[in-house]
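What follows is a short report on a single structure.
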Amino acid sequence: MMKQILLITDGCSNVGMSPVVAAAHAQAEGIAVNVAGILDHGDVGELGAAEIEEIARAGGGISRLVSMRQLSQTVQMMTRKTVVQTIQTAVQKELKQVLGNGSIEALPPDKRGEVVQVIDELSESQGLQVALLIDASASMKPKLAAVEETIRDLMLSLQARQGKSEIAVFHFPGSRYGDDSALDLPWTDHLGGVHAIFPSLQIGGTTPTGPAIMRVIDYYRHGSAAGAARKSRQGTDGMMGDYVV
């Protein structure tokens, strides 16, 4: 089962451990981290853009800066592309062990075509879990309609795959008092329940992106909201405060 965290945000984190460090933890657990940075009046700021890129790089994923209108299409593209990259990396590793050369491009054209076809087929048939992590700080309020549409479109896209696909949805901060994140929708492959997320969503507070990523990692490990919350509280003690990248 391939695993992804898909972070949707519009600004810099300002509480807790570095989100770049947290993303590196995710990659070490075999979880790719993609980041969609929503443009605000044409800009997310230099620091925000740099952080978005660094989070994705540390998490072995993809980052894009997009307008609200482009968000849904971009998220679907990032999800598919990361799946292909993950499988391609595994195939290249196997090629290196078998042939002493990890490059698909180094194969003869006919063999290269066969390998690419296998990658395409595996991309559609492999199991996939996507944990959507939504920045719900105050500046995101006018953008939530676009985020809601994105979740619906992403779920439809995942349902169209041949392999088993599931999505979970988190938002952060979990409360106005700085909790790391909250689980809105546990693992599901159905659209039912998506409509209930946003009416009850509290917008505002700090931006604890790093602790929120760690919470999602724990959810992947333990598969339940209670286990993730418990392990998150234990695991983040001593990691809060200023960070160094």
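Does any residue of the stretch 140-148 turn out to be under 21 Å from Gly30 (Cα atoms) and either among the β-branched types (Val, Ile, Thr) or at pLDDT 85 or above (or both)?
Going residue by residue through the stretch 140-148, those that are under 21 Å from Gly30 (Cα atoms) are none.
Checking the stretch 140-148: not a single residue is under 21 Å from Gly30 (Cα atoms) and either among the β-branched types (Val, Ile, Thr) or at pLDDT 85 or above (or both).
Could you pull out the residue among Met77, Met17 that is touching a Gly at 6+ places or on another chain (Cβ under 6 Å) and either modelled with pLDDT under 95 or over 22 Å from Gln126 (Cβ atoms) (or both)? Full working, then the answer.
Values: Met77 fails: touching a Gly at 6+ places or on another chain (Cβ under 6 Å).
Met17 is the lone residue from the list that is touching a Gly at 6+ places or on another chain (Cβ under 6 Å) and either modelled with pLDDT under 95 or over 22 Å from Gln126 (Cβ atoms) (or both).
Give just the number: which of (1) surrounded by 15 or more Cβ atoms within 10 Å (Cβ to Cβ); (2) at pLDDT 85 or above; (3) not hydroxyl-bearing (Ser, Thr, Tyr) does Glu29 not satisfy?
(1)
Being surrounded by fewer than 15 Cβ atoms within 10 Å (Cβ to Cβ) and charged (D, E, K, R) is the filter; apply it to the stretch 166-190 and report the residue that is farthest from Met1 (Cα to Cα).
Arg176
Name the one entry in Gly205, Gly163, Gly193, Gly127 that is surrounded by fewer than 16 Cβ atoms within 10 Å (Cβ to Cβ) and at positive phi.
That would be Gly193, the only listed residue that is surrounded by fewer than 16 Cβ atoms within 10 Å (Cβ to Cβ) and at positive phi.
Looking at Gln88, Gln92, which is the one that is surrounded by 12 or more Cβ atoms within 10 Å (Cβ to Cβ), out of contact with any Lys or Arg (no Cβ under 6 Å at 6 or more places or on another chain), closer than 19 Å to Val33 by Cβ and at pLDDT below 85? I'd like the intermediate steps shown before the answer.
Working: Gln92 fails: closer than 19 Å to Val33 by Cβ.
Matching residue, one of Gln88, Gln92: Gln88.
Given Asn34, Asn14, which one is under 23 Å from Ala182 (Cα atoms) and surrounded by fewer than 23 Cβ atoms within 10 Å (Cβ to Cβ)?
On the way: Asn34 fails: surrounded by fewer than 23 Cβ atoms within 10 Å (Cβ to Cβ).
Asn14 is the lone residue from the list that is under 23 Å from Ala182 (Cα atoms) and surrounded by fewer than 23 Cβ atoms within 10 Å (Cβ to Cβ).
With touching a helix residue (DSSP H, G or I) at 6+ places or on another chain (Cβ under 9 Å), of a type in the set (A, V, I, L, M), part of a helix (DSSP H, G or I) and more than 15 Å from Val194 (Cα to Cα) as the only criterion, which of Val118, Val147 stands out? Full working, then the answer.
Working: Val147 fails: more than 15 Å from Val194 (Cα to Cα).
Answer to the check: Val118.
The values are calculated or read from the model by the stated rules, or taken from the named source; none is laboratory data. Nothing here was measured: the structure is a model prediction, and the numbers come from that model. Here the Cβ is made from the backbone with ideal geometry for all residues, glycine too, and neighbour counts use every protein chain on show.
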